[in-house]
Every structure is written in C-alpha cells, then in structure tokens.
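The values are calculated or read from the model by the stated rules, or taken from the named source; none is laboratory data. This is a predicted model, so every value here is computed, not measured. Here Cβ is always computed from backbone atoms with ideal geometry, including for glycine, and neighbour counts include all displayed protein chains. Ligands, DNA and RNA are stripped out before the accessible areas are found, and what is left, the full protein with its side chains, is counted by its heavy atoms. Shrake-Rupley method; radii C 1.70, N 1.55, O 1.52, S 1.80 Å.
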Amino acid sequence: MVPLLADAPAQLLPARELMAFTLACHIILVPFGVALPLITLVMHRRGLRRNDPAALLLARRWSAVMAVQFAVGVVTGTVLSFEFGLLWPGLMGKWGGVFGIGFGVEAWAFFLEAVLIAIYLYGWRRLKPRTHFLLGLPLPVVALLGAFGILAANSWMNTPQGFTLDAAGKPVHVQVWSAIFTPMFGPQYWHFVVAMLITAGYTVAGVYAVGWLRGRRDRYHRLGFTVPFTLAAVFTPVQFLLGDSLARSVFHKQPVKFAATEIVWRTDTRVPEYIFGRLHPDGSISGGIKIPQFDSILAGFTPDTKVTGLTSVPASDRPTATQATIVHWAFDLMVVLGSLLILLALWYGWCRLRRRRLPASPWFFRGAACAGVASVVAVECGWITAEVGRQPWIVYQHMRIGEAVTATRSSSLWIMLGLVVVVYVFIFGSLLAVLLKMRAGWRLADGHRPPGERREAPETDTPYGPRAGVPAGLPQSGDAGSGPADDTGAGPTEDTGSGPAGDGPR
C-alpha cells in the first residue's frame, strides 16, 4: 500500500485501494473491448475475400468471445462509474461540469457498441455475407470513440484547461473543445490505443501458440496465430516511439511526475539514468543500474538538458519517495517488457519476410504464448505510472486527492472493498468458466467426424448458407457447451475446425 501523508483523511487510503483494485481489474478487459472487434473484422474480411471457411470460423468464434467479455466489461465499467461519484464527490462536484463531457462520450459509445455487437453476433447465417461484414465495420470506430472519451477525461486531469476560476475558486466559462483536447490528450490517446491493439493481438495469438506447442500444426491454428500476431508485431515498434513521445510530453507538461518516474531528486543537468533502484526520503538511491548522464540525454538529446527534480516543489506537492519508487519500477518494467516484445516481433518479422515461414524454434512460440500476459502486465504498469506519478493531485495543481475524497467512514469503505473483491472473484471466475465451456463445446465440434470423412473436410464448410444437418447421436448446439457462440446460428457439424482439438477461447 502507498503511504499517505500523516494529515490525510482516514477515508483516503481505503478509497484509493478500492479505486485501484476495480481499475486494475477493469483494465484487463479493456484491450479486448477496444481492439478485438478490429482483429475479428480483419479475420472476417480475409475469410470473405479468399472464400476461406477457416477464417470465417475463427471470426465467428472470436465474435462470441467478444460478446462475453463485453458483458463482463459492462459490470466492471458500471462499478467504476458509481465509484467516481461515491468515492470522489469533491472531484465530480467541482470539476464534473468541465471534464465530464468525456464520460458522456464514453457512455454513448458503450451503448452503441452493445447494440452493434448484438447485431454482428446475430448476423452470422442470418444476413448476406457482405451485409453482415459491413454492419460490423462501425464496431472498431465506436470502440475508439469510447477510448476517446475516457482518455479525454484522464488527460484533462493531467493537464487541466478550458475554464476560468471565479472569486470563489469555482470553474466558470468552460470551453468544451479546450477541455477535451488538452496538451496530453494526443500522446496519451494514441499510446493507449496502440497498447490495446498490441495486448489483444498478442493475447489472442498466445492461445494458438500454446496449441502449436502442443502439436496442433494445422491451418486453422496457423491462421489463428498469424493474423493477430502480425497485427501486434507491426504495431510494437510504433508503440515504442509513441511511448517515447508521451514521456517527452510528461517531461515538458508534468516535470514533477517525470522526476518521480526517473527518481530525480534535485534539478540538474547531466542527470544519470537509473534502471530500477530505490529512492529514499533523504534523496539517496540504492540498488539499480546507474547510467551516467543518460537521463538528460533521453529527455533532451544532450547531456546539458536540465531535468527538474522532486525538490523543486514543496514536499506536500510531490509524490513521496515510496510513491516515486513505485512509479519508477512500474515505468522501467513497462519499458523492459516492451523491449522484449520488440525483439519477439523482429524475430517474427525476419522469418516471415526473409524466409517466408513461421519461426521454427519452440522458444519463439513459448515467447509468443507469454506475450499476451506480458502485454497485460505492461498495461497495468502504464496505468500505475500515470496515476501514482500524479500524486498528490487528483486534478494536477488544482485539487489534491484529500480534498476530493468522500466523507464516508473509513470502516465502511474497507467493508465495501472486501465485498467488491468477493464479487469480482465471482465475476472473473464466471468469465473463465464461460470461456472454458465455450472451448469445450468447440473441441467437441472439432473432434466429431463421421466415419471415413477426410481430416481437412471441416474447413470446406462455411458460417454462411443453409444450416448443416446434425448427425444422429450428436448433441444439439444448445447442449454442446458452446455458449454464446450458438447464438450465431452455427451448429456443431459446422463448428469443426481443422485440428483434433481446439485451444482456448478461439
């Protein structure tokens, strides 16, 4: 737990822990809400353009997973919406009229995405192929619109503008466009969107990488791996550049947060870079790897670049030494994981471009299987860097978190945190159970073949056209355990991939 100031309200710690827990859980689902629609439509387009039943089958199954995770995201997102008002009434009461437009945009996008997912899921086998695909095209746009709303609100909290304060200190004369498009909005938004695409791509590809390691080397698994992994690999180097641009924006617009991220104690030039390491309250640093002058070089491309230190502001206006260490470790871990993903992407690109095939080494597929988890961890680290680094401000240089917190008794907040943990364990356990049930149904369908049927025959079927008949003795689709996938109108006979067993939520 992050230590607080001695005079902080008793409610502050449980309120922050509750908000941190719910955000950390919700952000796991965000990449799939933002990027999985695009990945699914890319596969869908490939299936239509090449008349490829395997690609269409993958797109249909991914759309079922997309619907399930969206349903869970509705729950966790609604909890967060309530928490903003319940835990931080000072923030919403004073500043809601300035930056609340972002939450309004996100709410409309959320509603539209729910409708579009329902139409897309329902459209399998019920609409003409081209019509069905075209109705799905707005999904990625709406997902980006939702991210636009949330990032507009968060970037405003980092660089608030678009208002003036009256004699009583209340914001007046709000300029909506200025409040939305703050100096930090562009760097934060694109860094976030690409992070979501990379995370979703590596996570989906990781499922099929595990299948590849287990011997499922058919075309179905190859396609399920290459399309999402290629998308993620292409954007991984781009993300590195976007992250560098965001760090420079923080250096110019939030110099104290940058000092916390790099554990810079005093303002100076030729500042060394520490990889990990721990900052102590007296300004000393222990552990880590020290690279002389490198922090100044990274910030301004020259050793003479002056880097603002934490002591440039009073202790009450900056993160504590422990908070700065947490931010620094989160940032460094994110960079390390991103660097490893770049190496994995380069390995993949070399083999695909020069040798025209997938890498043959099992170590590559082991790395690909872990890439999704690494991406999720990197996303969590990025969130920690952004939020803890802004302390003690909830609205940068305008409102401290202690001024925004609820007056509810701290004991009640601790009880609420315990209840939320129990509920979230149930929710995510249910999500896992549903995905496993879907996998079981797909494996049952993949494993069924009438006597004498060729192994590759299932790939000749298609999700469009008349429904295939159900062979005698095979359970109906409602009993096959395929969950929401059955709502797309595909029966077990059609749901046969190209391998003996499916792998994960495909």
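Laid out as a table, the results:
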item: Residue selected from region 7-20 under the condition part of a helix (DSSP H, G or I) and out of contact with any Leu (no Cβ under 7 Å at 6 or more places or on another chain), by the criterion surrounded by the most Cβ atoms within 10 Å (Cβ to Cβ); result: ARG16
item: Residue, nearest to GLY372 (Cα to Cα), within region 30-40, restricted to residues that are open to solvent by less than 10 Å² (accessible area, probe 1.4 Å) and not β-branched (Val, Ile, Thr); result: PRO31
item: Any hit, region 461-473, residues being under 28 Å from ALA232 (Cα atoms), modelled with pLDDT under 95, touching a Cys at 6+ places or on another chain (Cβ under 8 Å) and open to solvent by 40 Å² or more (accessible area, probe 1.4 Å); result: no
item: Flag if THR164 is more than 24 Å from ILE401 (Cβ to Cβ) and surrounded by fewer than 16 Cβ atoms within 10 Å (Cβ to Cβ); result: no
item: ARG355 vs. criteria farther than 18 Å from PHE276 by Cα, in contact (Cβ under 8 Å) with a residue 60 or more places away in the chain and of a type in the set (Lys, Arg); result: no
item: All positions within region 287-307 that are closer than 22 Å to LEU246 by Cβ, assigned to a loop (DSSP other than H, G, I, E, B) and open to solvent by 40 Å² or more (accessible area, probe 1.4 Å); result: PHE301, THR302, LYS306
item: Boolean, ILE275 is free of Cβ contacts under 8 Å to residues at least 60 places away in the same chain, over 20 Å from THR311 (Cα atoms) and out of contact with any Pro (no Cβ under 8 Å at 6 or more places or on another chain); result: yes
item: Pairs with Cβ under 8 Å, 6+ apart, first in region 167-190 and over 17 Å from LEU242 (Cβ atoms), second among the basic types (Lys, Arg); result: LYS170/LYS94; PRO171/LYS94
item: Residues of region 242-286 that turn out to be β-branched (Val, Ile, Thr) and open to solvent by less than 30 Å² (accessible area, probe 1.4 Å), as a count; result: 6
item: Filtered residue count, region 169-178, keeping only those that are within 16 Å of ILE394 (Cβ to Cβ) and in a loop (DSSP other than H, G, I, E, B); result: 1
item: Per-region count, region 42-56, residues assigned to a helix (DSSP H, G or I) and open to solvent by 10 Å² or more (accessible area, probe 1.4 Å); result: 6
item: Neighbours by Cβ (under 7 Å, 6+ apart or cross-chain): first from region 93-120, in contact (Cβ under 8 Å) with a residue 12 or more places away in the chain; second hydroxyl-bearing (Ser, Thr, Tyr) and buried (at least 17 other Cβ atoms within 10 Å of the Cβ); result: TYR120/SER63
item: Test: residue in region 123-139 that is within 22 Å of the chain's Cα centre (by Cα), open to solvent by 60 Å² or more (accessible area, probe 1.4 Å) and farther than 30 Å from ARG400 by Cα; result: yes
item: Residue list for region 343-365, restricted to those being loosely packed, with under 15 Cβ neighbours inside 10 Å and in contact with a helix residue (DSSP H, G or I) (Cβ under 7 Å, 6 or more places away or on another chain); result: ARG357, PRO362
item: Members of region 17-39 found to be more than 18 Å from ALA143 (Cα to Cα) and among the aromatic types (Phe, Trp, Tyr), listed by number; result: PHE21
item: Test: residue in region 403-413 that is under 23 Å from the mean Cα position of the chain (by Cα), of a type outside the set (S, T, N, Q) and crowded, with 16+ Cβ neighbours inside 10 Å; result: no
item: Unique residue being surrounded by 15 or more Cβ atoms within 10 Å (Cβ to Cβ) and more than 29 Å from TYR208 (Cα to Cα) when the list is VAL72, VAL79, VAL115; result: VAL79
item: Test: residue in region 310-320 that is among the acidic types (Asp, Glu), in a loop (DSSP other than H, G, I, E, B) and surrounded by 14 or more Cβ atoms within 10 Å (Cβ to Cβ); result: no
item: Single unsatisfied condition, SER339 versus (1) surrounded by 14 or more Cβ atoms within 10 Å (Cβ to Cβ); (2) within 24 Å of PHE32 (Cα to Cα); result: (1)
item: Close pairs from region 422-443: first in contact (Cβ under 8 Å) with a residue 60 or more places away in the chain, partner surrounded by fewer than 19 Cβ atoms within 10 Å (Cβ to Cβ) and among the aliphatic types (A, V, I, L, M), Cβ under 8 Å, at least 6 apart; result: ILE427/VAL75
item: Qualifying positions in region 170-225 - of a type in the set (Phe, Trp, Tyr) and open to solvent by 50 Å² or more (accessible area, probe 1.4 Å); result: TRP177, PHE181, TRP190
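Yes/no matrix, rows are residues, columns are (1) aliphatic (A, V, I, L, M); (2) touching a His at 6+ places or on another chain (Cβ under 9 Å); (3) at pLDDT 90 or above:
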{"residue": "LEU353", "(1), (2), (3)": "yes, no, no"}
{"residue": "CYS370", "(1), (2), (3)": "no, no, yes"}
{"residue": "TRP393", "(1), (2), (3)": "no, no, yes"}
{"residue": "VAL405", "(1), (2), (3)": "yes, no, yes"}
{"residue": "LEU413", "(1), (2), (3)": "yes, no, yes"}
{"residue": "LEU436", "(1), (2), (3)": "yes, no, no"}
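Here is a yes/no grid of residues against (1) assigned to a helix (DSSP H, G or I); (2) farther than 19 Å from SER296 by Cβ:
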| residue | (1), (2) |
| --- | --- |
| ARG216 | no, yes |
| TYR220 | yes, yes |
| THR226 | yes, yes |
| LEU231 | yes, yes |
| LEU246 | yes, no |
| VAL256 | yes, no |
| ALA260 | yes, no |
| ILE263 | no, no |
